[in-house]
Amino acid sequence: MDKHFYLKLVYSKWTLIFTAIVIVLNLASALLLDPGTAGLMPVLNLANVFIVLYLTANYMNVHVLMTYNKSHEFFMALPVNKKEFIRTDYIFHIFMTLLSILVIFTFSLVHDGFHHLFGMIMITGVNLLIASLYYTFFAAEWFKNVNIMVALYLVPMGFTFMFYYMPMLNLLGADLSMIPQWEFILYTLPYFVLAAGILTFAVTYFTAQRQAARSDVI
Amino acid sequence: MTAIQLKNVSKTQGTFKLKNIDLSIERGFITGLIGENGAGKTSLIHLILGLKKPDAGDISLFGDHAVEAHREALLNRIGFVFAEDRFPEKMTVPQLKKILKRFYEDFNAPQFDHYIRKFKIREKQKFKDYSTGERMKLSLAIALSHNAELLVLDEPTSNLDPNFRIDLLEILQELMEDENMTILFSTHITSDLDSIADYIIMIDEGELVFHEEKDLLLEKYRKIKGPVEILDAQTEDLLTGIKKTTVGFEAISDEHRALEELYGSKILTEQLRIDELMHHLKKGKGV
């Protein structure tokens, strides 16, 4: 498994470097900067959004990078067990998801708001649901059409940001007793989504491995 | 013992079909795989390397039928060269070497370095800056550096300069001193096979045309030249791939002795080259 992990690390090098930079900046901002005077904040906010997007979509990014010059054909002709390839992908995705949680956690230290916690739960749940769907297709098609499959990620993740994160920021401090469905959407739904995400991710872990062994790699 | 065995293997890819391929490639020999572009040579190699799954039939490598289950162990014993390079363009030799060390159980780093120097491959340059020949040499260096027992080479000489082509053929012949080594060599430069191949496999339009020992094959078939006047229905039945010109006809035949008895000095029989055999057999199919 370590060889697959190493290969994914090689392809994730820049994502990991930027993640480390953003975490350090988040911590430095939380510890050293006066939030009122920090002109750095808009940049830092944007950097956090981008790095969370990159981390949660890293598995797709690695596949897309591997298809440049069709080098996946070279890598898959090396001594590779297909099931192990998928297994390492799942483990690596969990690793990257934990990193995204760490980024959001350090970001919440800067902005100190409990709503970021719910945002983190929702993003993690949606991220696991998307990954489950992606791997169901990937196991059948391998590297064919990986670029198209990235749309699978962008659409629901975009929806989460627009119709969950943004309303949550706007409704912060609002009297939700007037609009009770928002109470459910903002503070209960994330737990359901996370539970569904974990469940489908666990189920597709087994089905994807079985399917991958039956499919053409190229 | 067989290195590669295919039994009734079929595979459909779009409109192309590889049909009921039965093959048994013995260990310790160089087998040439010939056929036109699009005949199915690369598809066959992809099936052997487990990159594609057959729709029907059975593939075994080194006698092991559980190719999917033991894919990792089996591919450790196989060196491959693809017709087109598939290297990650932004990498360099040292970076790729680190990856190869992890992937191959028996990766021989000093041997790899030896071939890198011998083939004059630029180590610090990114692969995107390599020439086509240089990429092919790198492929060969990898294939020769993990103590593989089977080399699967897909058009390895097509982008090489003549000098290096000869060097490569010599290297392959040296490798064959190890009696466990097996080489499957796909090429359309059939002259390469004239000098090194023990067996020849020809496929055409996804079908196996023949799989025979090269010397017996070239003994069996002869090129026949003669005047057009002797061509009647009976004679034409004995000939394959007849090509008529203003000065006579040219064809091949595995009944050349009968033809010599029939027509004596009216016809001329000559030794065939592999490309001529391929050409006439293809023509004989009426394509």
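Coordinate-derived values only; no laboratory data. Since this is a predicted model, take the numbers as computed values, not measurements. In this analysis, Cβ positions are derived from the backbone assuming ideal geometry, glycine residues included, and neighbour counts consider all displayed protein chains.
Once you've got the GNM for chain B with C-alpha springs shorter than 10 Å, pick whichever of B:Gly133, B:Gly14, B:Gly35 has the biggest mean-square fluctuation. Sorting by GNM fluctuation, first place goes to B:Gly14. Based on Cα contacts under 8 Å between residues 6+ apart, chain A shows a relative contact order of 29 percent.
In this simple spin-label approximation, A:Leu169 and A:Glu141 carry label points 7 Å from Cα along the Cα→Cβ vector, and these lie 3.3 nm apart. Computed per residue of chain B from DSSP H runs no shorter than four, each worth -39500 (n - 2.57), the mean residue ellipticity at 222 nm is -9500 deg cm²/dmol.
Charging the Cβ of each Asp and Glu at -1 and of each Lys and Arg at +1, and nothing else, the dipole of the range A:1-117 about its Cα centre rounds to 460 debye.
Judged by the gyration tensor of its Cα atoms, with axes a ≥ b ≥ c, the range A:2-214 is oblate; a/c meets the 1.5 cut and b/c is at least as large as a/b.
Beta bridges assigned by DSSP with both partners in chain B are antiparallel in approximately 65 percent of cases.
Among A:Val203, A:Val110, A:Val126, the largest mean-square fluctuation in a Gaussian network model of chain A (Cα springs under 10 Å) belongs to A:Val203. Applying 0.36 nm per residue to the separation of B:Glu229 and B:Asn163 and subtracting their alpha-carbon distance, the gain on full extension is 19.2 nm.
Placing +1 on the Cβ of every Lys and Arg and -1 on the Cβ of every Asp and Glu, with nothing else charged, gives the protein assembly as shown a dipole about its Cα centre of roughly 1520 debye. Computed from Cα atoms, the angle from the helix A:115-141 axis to the main principal axis of chain A rounds to 20 degrees. Evaluated with a Cβ-only charge set (Lys, Arg +1; Asp, Glu -1), chain B carries a dipole of roughly 1440 debye about its Cα centre, given to the nearest 20.
Rounded to the nearest 10 degrees, what's the angle between the helix A:2-11 long axis and the longest principal axis of chain A, both from Cα atoms, 0 to 90? Result, in degrees: 60.
Remark: C-alpha extents of the range B:2-214 on the principal axes read 46, 38, 37 Å, sorted largest to smallest.
For A:Asp216, the residues whose amide H sits under 5 Å from its own are B:Lys53, ignoring neighbours fewer than 5 places away on the same chain, with H placed 1.01 Å from N. Ordering B:Phe107, B:Thr269, A:Met60 by Cα displacement along the dipole of the protein assembly as shown toward the positive end leaves A:Met60 in first place; charges were set at the Cβ atoms of Lys, Arg (+1) and Asp, Glu (-1). Seen against the Cα atoms of chain A and their longest principal axis, helix A:146-160 is set at about 20 degrees. Taking 29 Å as the cut-off for C-alpha to C-alpha distance, list the pairs among A:Lys8/B:Lys11; B:Lys17/B:Lys98; B:Lys53/B:Lys283; B:Lys118/B:Lys220; A:Lys144/B:Lys90; A:Lys82/B:Lys97 that go past it. Going by Cα-Cα distance, A:Lys8/B:Lys11; B:Lys17/B:Lys98; B:Lys53/B:Lys283; B:Lys118/B:Lys220 fall outside the 29 Å limit.
Each of B:Ala66, B:His146, B:Ile201 was placed along the dipole of the range B:2-214 (beta-carbon charges, centred on the mean Cα), and the one lying farthest toward the positive end is B:His146. Kirkwood analysis of the protein assembly as shown, using all unique Cα-Cα pairs, places the hydrodynamic radius at 26.7 Å. Label-to-label distance for B:Gln173 and B:Leu216 is 2.4 nm, based on points extended 7 Å past Cα in the beta-carbon direction.
Going toward the positive end of the dipole of the range B:182-258, with +1 on Lys and Arg Cβ and -1 on Asp and Glu Cβ, which of B:Ile230, B:Val247, B:Leu184 do you reach last? Of the candidates, B:Val247 comes out farthest on the positive side. In chain A, helices alone account for a calculated mean residue ellipticity at 222 nm of -26500 deg cm²/dmol, with every DSSP H run of four or more residues adding -39,500 (n - 2.57). Shape of the range B:222-271 from the C-alpha gyration tensor: rounded (a/c under 1.5, with a ≥ b ≥ c the square roots of its eigenvalues). Partner shielding of B:43-51 amounts to 3, given as the average count of beta-carbon atoms from other chains within 10 Å of each residue beta-carbon. Each of A:Tyr11, A:Tyr59 was scored by other Cβ atoms within 10 Å of its Cβ. Listed from fewest to most, they are A:Tyr11, A:Tyr59.
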